[in-house]
Amino acid sequence: MSHPAAPFITPLPWQPPAAFFPLCRTTEHSVFLDSGGPATQDRHRWSLLCPRPVAHLTLPLAEIHQFPQTLRQFLTTHAPATPLEPMDDALPFLGGVIGMLSYEAGMRYAGLTSRHQTECPALTALACRDFFLFDRRAQKLWWVSAEGLPPPAMPTPTHKPTLTPHLTPHATQNASHWQEAVQTMRRYIAAGDIFQANLTMRWYADRPAGLDLPLLYEQLRTQCPAPFGAWFHTPDFTLLSASVERFIALDAEGMIETRPIKGTCPISPDPQQNDAFKEALRHDEKERAENLMITDLMRHDIGQVCQLGSVTVPQLFAVEAFAHVHHLVSSVQGRLRPGLDAADLLAATIPPGSVTGAPKYRAMEIIDEVETSARGAYCGTLFRLGWDGTLDSAVIIRSISVTAKTLAIGAGGGITYPSHPEREYEEMCLKAAPLLKVLRHYGS
């Protein structure tokens, strides 16, 4: 019996991505890269669901310096033997590795060791050879399989207990503690140590024995649709993400883009008030300075691996609307130097500059001193690395991290010298509110 060339790409009748999420209930490992919101822009257009990855990689923190070569080897080991054949439809992903690098992994790779302990893996990745790919804009659906396996059958619906976790702030991180931490950051800035640092806090809960993680994710994606939403599930770690921020993207021609977000204001149901919020954000000197510093930091980070003179800033201080807030968003682009690849790009840029500060190394030292717990997956990156060398990734914010024992969420913001402690606390709470609401109403 003859077989067509791999990979097999089979068009299927359109169904929305959520229709296939029940498949993620039936396997120990699964991934759903779940673009939410309007599909008019490419960042919101594509979704991917892999219900049965073929292999799982983990790398401990002590060995994270090996991650670029380990990632390359894992990618090569599970690549299809037959080269990929492009289709008329320009599909963004035909298989590869989807993984997570924690914030502490980025610290350690940069030569710093956190004083905080975490259960979160430093690097965890899944090889994805068989998956559904959704074009939400064109309402097209494909089943992609390296061996020509058929799509899996939908499981029989099951109902699990829905015990609600009880979240509390970590240690003494209440309003007064947060505002004192802001003042500490401002003192470091006044002394000339740094220009800016990203200050965050976390809420933790014991993981209830009957917690229905797929149900929790369904409620998160419904209430907080986001361009970089994701479900990433392994036996020891699960990430439920509603991230709005692209970290690094690399296309097949070697073009790089990163989209740092800094600057936040509320969304109002009143159009006139909403326009006033946007206009105030667009001209807020503190928010613009915060965004500009991180944009410059990202120019430096990608510049380490870009061709000389290729780094540009095609977008600066654009106000973009997301599910619950407006943000200032910039874009930095460049061209990767010959001889380098996506693993080199990740190594040069982790952890993301928008959640560290400037200068980056010293900001990370101060963050570790001032914050009272490990960040873990929060402020790390979730990435998609294709067999063809392409990369897309998100900053892990607006997310719920789950280990065998705990659930955690985080929120924060950039601190500069003009920062007002009470206002920074309000902005941080604004970012955390949708996640806290999802957990409060989980199961209802």
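Quick note: the coordinates plus some simple rules give every number you see, no bench work behind them. Computed from a prediction, not measured in an experiment: that's the story for all the values here. As a convention, Cβ positions derive from the backbone with ideal geometry for all residues, glycine included, and neighbour counts pool all protein chains shown.
Using the crude model of +1 on Lys and Arg Cβ and -1 on Asp and Glu Cβ, and no other charge, please compute the dipole size for region 333-444 relative to its Cα centre, in debye to 20. Working shown, then result.
Details: 12 positive and 12 negative charges, 61 e Å.
Here the size comes out at about 300 debye.
About the Cα centre, and with charges only on the beta carbon of Lys, Arg (+1) and Asp, Glu (-1), how big is the dipole of the chain? Nearest 20 debye, please. Working shown, then result.
On the way: 37 positive and 44 negative charges, 85 e Å.
In debye, rounded to 20, the chain gives about 400.
Angle check, please: helix 67-77 long axis (alpha carbons) against the longest principal axis of the chain (alpha carbons), in degrees 0 to 90, nearest 10.
Result, in degrees: 10.
So for the pair Leu112, Gln307, with labels modelled 7 Å out along Cα→Cβ, what separation do we get in nm?
3.3 nm
Place +1 on the Cβ of every Lys and Arg and -1 on the Cβ of every Asp and Glu in region 303-434, take the dipole about the Cα centre, and give the residue among Ala347, Thr372, Tyr417 whose Cα lies farthest towards its positive end.
Ala347
Computed FRET efficiency, Cβ-Cβ of Ser176 and Gln66, R0 45 Å: what is it to the nearest 0.05? Don't skip to the answer; put the middle values down first.
Details: r = 43 Å, r/R0 = 0.95.
With a Förster radius of 45 Å, E is 0.60.
Per-residue ellipticity at 222 nm for the chain, helices alone: DSSP H runs ≥ 4 residues times -39500 (n - 2.57), over residue total, nearest 500 deg cm²/dmol? Could you put the intermediate results ahead of the total?
Details: 9 runs with 115 residues, N = 444.
Computed ellipticity for the chain at 222 nm equals -8000 deg cm²/dmol.
Quick one: putting +1 on the C-beta of Lys and Arg, -1 on the C-beta of Asp and Glu, what dipole do you get for region 24-64 around its Cα centre, in Debye to the nearest 20?
Once rounded to the nearest 20, the dipole reads 180 debye.
PRE reach from Thr184 (point 7 Å along Cα→Cβ): which of region 94-115 fall under 20 Å by backbone N?
Backbone N within reach: 103-104, 107-108, 112-115.
How far is helix 175-190 tilted off the main Cα axis of the chain, in degrees rounded to 10, range 0 to 90?
80 degrees
For Ala138 paired with His56, estimate the spin-label separation in nm (one decimal), with each label point 7 Å from Cα along the Cα-to-Cβ line.
Label-label distance for Ala138 and His56, simple model: 3.5 nm.
With semi-axes √(5λ) of the Cα gyration tensor in Å defined as stated, name the option among [x] 35, 29, 20; [y] 33, 25, 22; [z] 77, 34, 16 computed from the structure displayed.
Recomputing semi-axes √(5λ) of the Cα gyration tensor in Å here gives the entry labelled [y].
Compute the Cα gyration tensor for region 206-322, then decide on rounded, prolate or oblate, letting a ≥ b ≥ c be the square roots of its eigenvalues: rounded whenever a/c is under 1.5, prolate when a/b is larger than b/c in the other cases, and oblate in all that remain. It would help to have the intermediate numbers written out before the result.
Numbers: a/c = 2.60, a/b = 1.24, b/c = 2.10.
Oblate shape, in that a/c is at least 1.5 and b/c is the bigger or equal ratio.
Which whole-angstrom value gives the distance between the alpha carbon centres of region 43-71 and region 181-200?
34 Å
What length, rounded to one decimal in nm, is gained on full extension from Ala276 through to Glu369, with 0.36 nm per residue of separation minus their alpha-carbon distance?
Working: separation 93, 0.36 × 93 = 33.48 nm, distance 3.78 nm.
Extra length available between Ala276 and Glu369 comes to 29.7 nm.
Mind giving me the nanometre distance, one decimal, between the label points for Tyr417 and Lys286, set 7 Å out from Cα along Cα→Cβ?
Result for the modelled spin labels: 1.5 nm.
Enumerate the lysines that Lys437 could reach by cross-link, defined here as Cα to Cα under 24 Å, with residues fewer than 8 away along the same chain left out.
Within reach: Lys160, Lys262, Lys405.
Under 1.5 on a/c is rounded, so check that first for region 341-444, then, if it is not, pick prolate when a/b is larger than b/c and oblate when it is not; a ≥ b ≥ c are the square roots of the alpha carbon gyration tensor eigenvalues. Provide the component values of the computation, followed by the final result.
On the way: a/c = 2.02, a/b = 1.16, b/c = 1.74.
The shape class here is oblate.
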